[in-house]
Amino acid sequence: SSDLEYFLQFRDAVREFYKSGIARPLLVKKLPRMLASIGDYLQSCPPAGLQAFLLYQEERMELDLPAKALEHMATYTLRWQEAMSRSSLPATQWQSWPLTLGLQRVRQAAQQKVLNIGARQPNVTLVVAYCREDLEWMRTVLGRSLVARLGLTFIRKCPGVDVFRRLPFRRLWRTVDVVDVEDVPLIADECSAYMGYLAQRYQNLPDYMVFIHGDAPEHIGSVSQPNMLENAVRAVLGGSDIPFMSLSINRVTMGWDQVTMAKLWRGLFGSSLVPEPNAAK
């Protein structure tokens, strides 16, 4: 049936994720749907519902406080008992799901979380390319308890702008400072801001830098919690190693227009020579 095929696809996607560490689009698409109706899935296909909840636990282990993580584990135990008491599935079908491996991964994540509690907290700094954008999004995208653990550096691209006047949580941030980057006439280009910051602070960079736009919600896709930005920052502060992560959901994929790119190239690199379209990769 179509339902059976749906569950088998989910099971195979989970197996692949556990084996390779890569979450394929099919898994990314199916998991939120299953979690949204977890009660129904626990009745129609108990192993699938439990597997989805294990994936959720593993994800939240990186983000939640230990007490919350323990609550999730207790919930899983209760749901397991309820599923087993109602299920008429043969043992072979239960065994075909990687539930044991999923539980082992959650336990390992919990053990690592305990070890990280006493470890040095990394220096995580938000690096914001800023001109005159409205910063009120910070009140909803980032929780107050999280702000106190973060550094904040503004890259001021518009000379004379007072970046502190409308800064939410001004006294809560761990540190706040400003780096001035002059890139006239390319004030709208955040890439030159980030490059300018790296050049000026290269000898004193934080452990983790989160490069974001002054109008972050236009790029991360959400102004409520939880969201991609807050989850990523919480994971890093909790001890997760994230060497690189793209936080942007929109991008410009324009072709190489010689007139436009010549202006950008000269402004960014200060060069009078501009490459031909087929020379830039």
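A few comments on the model shown:
- Longest exposed-site-free window of the chain, the sites being chymotrypsin sites (Phe, Trp or Tyr not before Pro) in a DSSP loop that have at most 10 other C-beta atoms within 10 Å: 1-163
- Label point at M84 placed 7 Å out along Cα→Cβ; residues across the stretch 35-59 whose backbone nitrogen lies under 18 Å: 42-43, 45-54
- Based on C-alpha pairs under 8 angstrom that are at least 6 apart in sequence, the chain has a relative contact order of 17 percent.
- Take the Cα of R149, step 7 Å toward its Cβ, do the same at S224, and the gap between the two points is 2.4 nm.
- Loop-located GluC sites (Glu not before Pro) in the stretch 135-234 (DSSP state not H, G, I, E or B) with no more than 13 neighbouring Cβ atoms inside 10 Å: E136, E182.
- For the stretch 88-96, 3J(HN,Hα) computed residue by residue from phi via the Karplus equation (6.51, -1.76, 1.60; θ = phi - 60°) reads 10, 5, x, 4, 4, 6, 4, 5, 6 Hz, glycine and proline entered as x.
- Close amide H pairs (under 5 Å, H built 1.01 Å from N) link V176 with L152, residues at least 5 positions away or on another chain.
- Estimated 222 nm signal from helices in the chain, with DSSP H stretches of n ≥ 4 weighted -39500 (n - 2.57), rounded to 500: -15500 deg cm²/dmol
- In order along the stretch 63-72, phi translates into HN-Hα couplings of 10, 8, 5, x, 4, 5, 5, 5, 5, 4 Hz, rounded to whole numbers, per the Karplus curve 6.51 cos²θ - 1.76 cosθ + 1.60 with θ = phi - 60° and x for Gly and Pro.
- Amide H contacts of I155 (H built 1.01 Å from N, in plane; Pro and chain starts excluded): V128, A129, Y130, V179 sit under 5 Å, all sequence-distant by 5 or more or on other chains.
- ³J(HN,Hα) computed for each position of the stretch 226-242 - Karplus, 6.51 cos²θ - 1.76 cosθ + 1.60, integer Hz, glycine/proline x: x, 8, 4, 5, 5, 4, 5, 5, 4, 4, 5, 5, x, x, 6, 9, 10
- Rel. contact order, % - alpha carbon contacts under 8 angstrom, at least six apart, the stretch 2-146: 23
- At q = 0.14 Å⁻¹, base-10 log of I(q)/I(0) for the stretch 100-141 (Debye sum, equal scatterers on each alpha carbon): -0.65
- For the stretch 126-197: rounded, prolate or oblate by the Cα gyration tensor [a/c cutoff 1.5]: prolate
- Those Cys residues of the chain for which no other cysteine Cβ falls under 4.7 Å: C45, C191
- Cα-Cα over 31 Å, subset of K68/K157; K19/K113; K30/K113; K29/K263; K30/K157: K68/K157; K29/K263; K30/K157
No lab work stands behind these numbers, since they all come straight from the coordinates. Because the structure is a prediction, the values reported are computed rather than measured. Note: ideal-geometry Cβ built from the backbone for every residue, glycine included; neighbour counts use all protein chains shown.
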